[in-house]
1. According to a simple spin-label model (label point 7 Å from Cα along Cα-to-Cβ), what is the distance in nm between B:I40 and C:E76?
2. How well do other chains shield peptide A:5-12, expressed as the mean number of their Cβ atoms within 10 Å of each residue Cβ?
3. Sticking with the crude label model, points 7 Å out along Cα→Cβ, report the distance from C:N769 to C:K493 in nm, one decimal please.
4. Please identify the DSSP H helices in chain B that span no less than 15 Å along the helix axis (Cα) and have a mean Kyte-Doolittle hydropathy of 0.5 or more.
5. Neighbour counts of other C-beta atoms within 10 Å: give me C:L119, B:L302 arranged from fewest to most.
6. Tell me, what is the FRET efficiency for C:E288 and C:K39 to the nearest 0.05, using R0 = 45 angstrom and their Cβ-Cβ distance as r?
7. What fraction of the Cα pairs in region A:2-55, stated in percent, has a spacing above 14 angstrom?
8. For the residues C:C310, C:C883, B:C176, what sequence is obtained by ranking on other C-beta atoms within 10 Å, fewest first?
Amino acid sequence: MEEILNRYRDRSYLIEAIHDILDEKDEKSLTDDEIKKIARHFKINTAEVLGVLTFYTMFSVKWKVKHTIRICNSPACYIKGAKELVTFLKNYLGCDKNNIGGNGSFLVEEVECLGLCDVAPAVMIDDKVFGNLNKEKLKKIIEENK
Amino acid sequence: MKIKVENSLSSPVILSFSKEDTISAYVSNGGFEVLDDFIINGKKKEILSEVTKSDLKGRGGAAFKVGIKWNAVAKIESDKKFVVCNADEGEPGTFKDRWLLENRPFLIIEAITLCAYAVGASKGYIYIRGEYKNSIKTFKNALTQAYEEGFLGKNIFNSNFNFDLEIRQGAGSYVCGEETALLESIEGKRAQPRFKPPFPVEKGLWGYPTVINNVETFANVVNIIKNGANWFKQLGTENSPGTKLFPVSGRIQEPCLVEANLGVSLEKLIEEAGGVDGEFQCALVGGAAGNFIYEKELNYPLSYETLKEKGMVLGSGAVLILNRNDKKEEIVEKILEFFINESCGKCTPCREGYPILLEKFNGYLNGSVSMDEVLKLSELMFKTSLCALGQSSKFLFESYFKV
Amino acid sequence: MGIKVKVDGKEYTAERETNLLEFLRSIGKDIPSLCYHPKISETGSCRLCLVKVNGKVVTSCTQKVADSLEVTTNDEEISILRKGVFELLVHNLNADCDSCSIDGLCEVQDLAQKLDVSLTGKKVDGLIDATSPVLQYDPNKCVKCYRCIKACQEIQGKGVLSFINRGGEVRVAAGFGSWETSECDGCGECIQICPTGALVEKSVLKTQKMLPFEKFRTTCIYCGVGCQIDVWVKGGKILKVEGADEIPNRGSLCVKGRFGFDGVFKPDRLKYPLIKENGIFKQSSWDEALNLIAQKLSKIKDKYGADSICGLSSAKCTNEENYIFQKFMRATIGTNNVDHCARLCHASTVAGLMMSFGSGAMTNSIDELEQSDVILVTGSNTTEAHPVISAFIKRAVIKNGAKLIVVDPRRIDLTRFATLHLQQKNGTDVAWLNGMMNVILNEGLEDREFIKERTEGFEEFRSVVNEYTPEKVEKITGIKKELIVEAARLFAKAKSASIVFAMGITQHTTGTDNVLSIANLAMLTGNVGKLYSGVNPLRGQNNVQGAGDVGALPNVLPGYQKVNDENRRKKFEEAWGVSLSGKSGLTVIEMMNAILEDKVKALFVMGENPALSDPNLKHVREALESVDFLVVQDIYLSETAEYADVVLPACSFLEKEGTFTNTERRILKVNKIFEPLGDSRTDWQIICDISTLMGYEMRYKSASEIMDEIASVTPIYGGFSYNRLDEKLQWPIWSKEHKGTKFLHKDGFTRGKGKFVPVDYINPAEMPNDDYPLILSTGRILYHYHTGTISRRSDYLTEYINEPFIEVHPEDAKECGVKSGDLVRVTTNRGSIVLKALVCNVVFKGSVFIPFHFKEAAANLLTNDALDPIAKIPEFKVASAKCRVEKV
Ligand SMILES: Cc1cc2nc3c(=O)[nH]c(=O)nc-3n(C[C@H](O)[C@H](O)[C@H](O)COP(=O)(O)O)c2cc1C
Ligand code: SF4
Ligand code: FES
């Protein structure tokens, strides 16, 4: 973490730094201690870091999970059946009320348009994207990415 | 992704280049020639005048004239100036910039550098939405190559022109696409839009004059300069010259990206994309910030001014086709939810208005609220919101209630 | 140049670039707004201030007056829109005014009335944050106007607050989401600017309704800034305190000024005189106590002579009281043995600046700092000791782009704003100052014209400075030579440069030398006698400037007129009708020594606490113990009062009239807000009564009358009287017509020419050695004041910090095996105390820091009472100490 922070001096790199730190971590959220270190490094206060974390949806994961499944539920995917896929996915992974399933290793997030409308319905699992989905295909992808 | 060029288009502007896998492929196809020529010969004024003459309008949604922006920044004396490329593409149904980032990165780099040279900026940013991991990767790679070959960095083409271009990633926020919110985000802050004026050309990044343009806008620039404004003006319509990338999706046989002359009809676009999947009901044009277009308007020319005449917008150019089985009101609900989620929360009308608007719309659907009341609220938000996000539902509802 | 603007069909002239909303208000247009506030940058978020400019609906707060504007401030469309936006704003707001303490004082309530919108309470479940010791945030009443966030950032320079979440979920947060986890230090700027009941003082929540209440203006007592405060009173109690939007503080306060006055009225306040009999205090009547004192003092004077009596006046009391006290010592008793704790803080400043400039005070004004190009802060932890001044400095940096140079051994808060931080070894100030001046001279950056026209002694000075090459200075001070060079250039090239210093410079055996060096630097670069520059010693206590001005010093009469100057003395003899001693009296530490040498028999202490504030306490306490007769006048039974033979109950500043003179020489009013508590009396009344009993009549009807007498004998106050209070004048005020003096030495120095006094570097009296390897330094912290008599009685302040601690550098901590929170024993040659360790890199390796407010572990048991030979100020800032872990 120190190493990542030391790559960035200017406060404008706050978002880049958080991206990098989260990329390195198994769990996609920051501890209070990490927030404090980031704040100190950029000479800002913790609330400002928190403000940024809670503004951007990619950062505002509050729970510790290994994988984030971002399933698009915007109009293009929606009319192509995204809604049913979401229900299916949550059932399949046995998601709790925080949308965590697969024995705590997956977070299912319904997100806005991923720019994959040409292959709707689509999902993003961590960094990878998949399109033209149906239940069967989605199941297979999940299994492959466990 | 499937890409298509509308068949009436004699010379495509953007899709004409062959795929640029490597910088050498781009260069051997004539890439960076324009930049070379104009920098070596110190033709700043010529860049500005060609762009101005071409009457190119921004492709990010607001359709503001590019020449006016560039000239404004070029004119201001300032020890720092910036160029920013808006690659935050978050408009639902839009995927044109993604394609450009992943397939035409050098064209974009060349255009941004041209702009920087013309306006006197030595630092640029390209802000790519965080979800576009592939685009970020491809573009990073392209940047590295451009630096290695000396097209970026110090003393470009052995001139005394220095230019650095840096990628900044978004992190999940639609409003970041709004230009001043995007500036805030580049500064590492919460992406809450600033009031305007002052406009970014006057006070942009860290208060310095800044040009901000959309990816597709930049993608037009190299060809305009290479072939001249007159060539460009032959394309499209009189007031909307050039071509446009239309991402076509939804109930369509072959979802794809179509390059077509501005002024093309919806019917033509549907044809290019293999026809409607089912029976055509309407199209949502321009994404969430856009409007519905119906059967009777299928032949209407899609250009900035023609739509404006009818009180409509082209926006990002996204075309989402709905067939008779799709529920239009569900799309409206989705869009309102989208705005509720994506409102930055800064200004009162948008932050407080959207949830109430959704309530009222549901009320309208079950008969307890009048159409007028919905329209009145969306009109209030249109007139009083700080940025266009809060103003967007006006077009949606006006077009929704048309039928 | 004004331009024409058309508003509602009428033409007006306005300044280009002025804020349109401000302008429209200035011509009497009533325009609703919430997010706009003149003290912060425009936000444009509430969308209420709508008007039409050239036919287009815009928010007026984000517009500037420009050419050919045609403004419509109201029409049907505008009023529909305003009302519509307001309805949206309150839709989710818990506007349950009936159950709200600030009912009737709320901007939203006002607007609702104006826009004819009815408000209702709503149950929303935004969590209330009540974790701050002083305030509460209720998101259900928050209109998300940004004012608090911006006030914290732009006015105070702190940036503790932020919005979190987005859309309808946004709310204000501190720290990790709660105030207690944040860097908030409780200044309360956010509360003062909040338009609704979202941010309120906890004290306010205790009352159901604030209205009706009474509001009184007075001057804060918690430091030398002299903040103007409005005390809101209801039912005989303080509801809350607000910063008055005036010179010098412009509405800002620190946590002490806003929340610390509950400490004034605690049940253990002294309410009647006490006389010690057989070691036990007994309640007595005023008559008995005053007669006893008068008799005892008369007897001692008769038997041992006037010089066997000493008096300590008080930097916490008013000008009038200090004047009366020194007059009592000089005229009634007949001695110059009068001093006060300025001796312990800025005696060296007064001595040094007198030599260099001829006047010992801050040359420029507080608000000039905000406009300085370069500010050099040294030996002042401004954020903690003069919080409101630090906000001026921070604003200079963040708003005006000033460059800040901090020279301080500790990594103090201001270093976050500094371009350069030079971390010198404690006590090596003359060296780095000479080093900077060496560079300036070498590079020809000095102001030759200023030196030639306005100064003397330059050549001699130059030859001394020549020897202080950056290399040599690096060896002495530990500051990298490159940094010295950089600082020198930055400072010398500035259009205007201010120097700010405090006790880190003065409290040394070389204190006077340090001050002389600073004066040299200012003269060398021509930074005296002009705006936005100057030599600015920040005075510590509320009236330490005034106490000295009116003569509570052993060598000078009021107005710094030397006691051994016969002509001046004669003037006073005539005015007071007695003959006066021409022999300089004893200073604070000398008094203690003289007691132990049995040369002094009686000590009269008015509102001071040497048993905690003075160096080498063991020695001081022995003296207090052994003096024959000790009188202490105070508001609480202080550590010193416990040694007293007679204790007299005085009124607090809230119970009396008078004036304080703040650090920038500005005379400020102290107003009586409450009746004296119990039988307590004002300090001046008490002294007058004793004097009269002793045969020298002192009868004054009011503080104002005393001030008239001060003005008549003190030229620098000469033109002052109570009917000029509103002018908030800065001395010198030569005549009734004179408007006071914003900055000193404008056309000539007080002494004529400025004098370069060459100074050589000398080591501190005590250097670290094998037995005592650490350098100990002492000082103040934000939450407490002086010996804590009032601040440590405040329920609010003590919630922040209420126990002693020692800052230890991580490496030293490792060496001694100390962790944060461990109890450690700290020992010097003079004593030893046990307190908690705070391991941090605020201090540099090899040094430790202890705040001196805590009697449980009195830092001054450890400090050195070695004195500066000229100013007689003790070396609080350097002692060699050792520190080891204490097993408990
Ligand atoms: C809510 C909102 C979202 C926007 N999103 C984008 C976007 O994703 N990409 C973009 O280029 N412009 C977007 N814009 C438009 C920009 O504010 C701006 O007009 C554009 O970047 C200017 O570039 P152009 O003139 O080349 O179109 C958005 C505007 C708003 C109000
Ligand atoms: S309109 Fe919405 S997104 Fe834009 S500033 Fe206002 S709250 Fe933010
Ligand atoms: S006061 Fe102008 S928008 Fe709030």
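1. In this crude label model, C:E76 to B:I40 measures out at 6.8 nm.
2. Across A:5-12, the average partner-chain Cβ count within 10 Å equals 2.
3. Rounded to a tenth, the inter-label distance reads 4.6 nm.
4. Helix filter hits for chain B: B:105-119, B:215-227.
5. C:L119, B:L302
6. Efficiency at R0 = 45 Å is approximately 0.25.
7. Details: 671 of 1431 pairs.
Looking at region A:2-55, the distances longer than 14 Å represent 47 percent of pairs.
8. C:C883, B:C176, C:C310
Since every read-out is calculated from the coordinates, none of them should be taken as a lab result. Just so it is clear, the structure is predicted and the values come from calculations on it, not from any experiment. FYI the Cβ positions are ideal-geometry reconstructions off the backbone, even for glycines, and counts take in every protein chain you see.
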